[in-house]
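**Q** What follows is a single structure, and I will ask about it in a moment.
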Amino acid sequence: MKTVLITGCSTGFGLEIARYFLDRDWSVIATMRKPREDVLPRSERLTILPLDVTSAASIAACVAAAGPVDVLVNNAGVGLLNALEGTPMEAVRTVFETNTFGVMAMTQAVLPEFRARKAGVIVNVTSGVTVKPLHLLSVYTASKAAVNAFSESVALELEPFGVRVRVVLPGRAPETAFGQNARALMSTGIPEAYAEIAEGVFAKWGKQPVDEVTHAVDVAEAVWRAATDPSCPMRLPAGADAVAAMAAAAGSVLA
Ligand SMILES: NC(=O)c1ccc[n+]([C@@H]2O[C@H](COP(=O)([O-])OP(=O)(O)OC[C@H]3O[C@@H](n4cnc5c(N)ncnc54)[C@H](OP(=O)(O)O)[C@@H]3O)[C@@H](O)[C@H]2O)c1
């Protein structure tokens, strides 16, 4: 039986990815900053462990308690929507600590075991905004674009050891707690000079039809493919909007 370790399983995509792998008879290590037993179905194949990806001690304890895993899914992440001018550097650092350095630290933590076994897959959840830039997301986009680049480069040095790395790029998913969680880093508010831009962004999102956004199950399906199909492309979009953005970006490169 294969084992997957997933970061950020308390809500949203992480929770859905955990359900998806459980339904397919995998052993699932669902990690959360504040472990909760009531969010996933009870199963002897499910282990819930505490993990904060910004803490070296938490990562070491989690990986030791988890034992051997076949797939690591770096899903945990925080959002931040604001003009750069309205974003304190402390918030910039928090975003990078979680979205970028957390991914690198978790990858480092599983690699000795993956390399020794000459097997293992790392799936990094980034974002469709790295393909189609949107207003007021410069810091968040940079934190995720760094992971795209990191993944593509580290994949080269890990390939000789039988370790695969893939990136899943979800589109906008209003149904998760992401927007709400992002507000914690936006306490300073959007500067007045950018209010009109922000209104435009929110108005556009308000009109986006439900079949043109991303759903958690789209992300779970994409992560499943990235984890189990060696022919999966390096960058896999998840959700109708991300698929469209990726196709448009490929078209503009070819044009
Ligand atoms: N929703 C979207 O529109 C969207 C689009 C593209 C990409 N994404 C990416 O998809 C991933 C999942 O997002 P989501 O939509 O499912 O949002 P979400 O519901 O807010 O889930 C994010 C998860 O990350 C966890 N997390 C945050 N900081 C952490 C830390 N330091 N250590 C460990 N876990 C931490 C959160 O745990 P707590 O409950 O403890 O806060 C939560 O479980 C993120 O990487 C996000 O950037 C989201």
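**Q** Of Ser55, Val223, Ala119, which is farthest on the positive side of the dipole of the chain, counting Cα position, with +1 on Lys and Arg Cβ, -1 on Asp and Glu Cβ, and the Cα centre as origin?
**A** Going by the Cα projections, it comes out as Ala119.
**Q** Kindly identify segment 183-234 as rounded, prolate or oblate by the Cα gyration tensor criterion: order the square roots of the eigenvalues as a ≥ b ≥ c, call it rounded if a/c is under 1.5, otherwise compare a/b with b/c, prolate if a/b is larger, else oblate. Mind showing how you got there, number by number?
**A** Details: a/c = 3.45, a/b = 2.22, b/c = 1.55.
Here segment 183-234 falls in the prolate category.
**Q** Ok, one more. How do His135, His215 line up, fewest other C-beta atoms within 10 Å first?
**A** Details: His135 13, His215 21.
So the ranking, lowest neighbour count to highest, is His135, His215.
**Q** Roughly how big is segment 3-254's charge dipole about its Cα centre, with Cβ charges of +1 (Lys, Arg) and -1 (Asp, Glu), in debye to the nearest 20? Walk me through the numbers before you get to the answer.
**A** On the way: 21 positive and 25 negative charges, 80 e Å.
In debye, rounded to 20, segment 3-254 gives about 380.
**Q** Compute the length gained on full extension between Gln108 and Lys207: take 0.36 nm times their separation in residues and subtract their Cα-Cα distance, giving the result in nm to one decimal.
**A** Details: separation 99, 0.36 × 99 = 35.64 nm, distance 4.16 nm.
Length gained between Gln108 and Lys207: 31.5 nm.
**Q** Let me ask another. Show that you can apply the helix-only estimate: for the chain, add -39,500 (n - 2.57) for every DSSP H stretch of four or more residues, divide by all residues, and state [θ] at 222 nm to the nearest 500. Provide the component values of the computation, followed by the final result.
**A** On the way: 9 runs with 114 residues, N = 255.
After summing the helix terms and dividing by the residues of the chain, the value is -14000 deg cm²/dmol.
**Q** Students often get this wrong, so check it: of Lys2/Lys118; Lys132/Lys204; Lys34/Lys144, which have C-alpha atoms separated by over 21 Å?
**A** On the way: Lys2/Lys118 15 Å; Lys132/Lys204 15 Å; Lys34/Lys144 24 Å.
Those over the limit are Lys34/Lys144.
**Q** Say we join alpha carbon atoms closer than 10 Å with springs in a Gaussian network model of the chain; which of Gly102, Gly206, Gly12 then has the biggest fluctuation?
**A** Checking each option, the largest mean-square fluctuation is seen for Gly206.
**Q** Under 1.5 on a/c is rounded, so check that first for the chain, then, if it is not, pick prolate when a/b is larger than b/c and oblate when it is not; a ≥ b ≥ c are the square roots of the alpha carbon gyration tensor eigenvalues.
**A** prolate
**Q** Evaluate the distance, in nm, between pseudo-label points positioned 7 Å from the Cα of Ala250 and of Asp23 along their respective Cα→Cβ axes.
**A** Label at Ala250, label at Asp23, 2.6 nm between them.
Every number here is computed from the coordinates shown, using simple stated rules; none is lab data. This one's a predicted model, so the numbers in the text were calculated from it and none came from an experiment. Note that we place each Cβ from the backbone using ideal geometry, even for glycine, and neighbour counts take in every protein chain shown.
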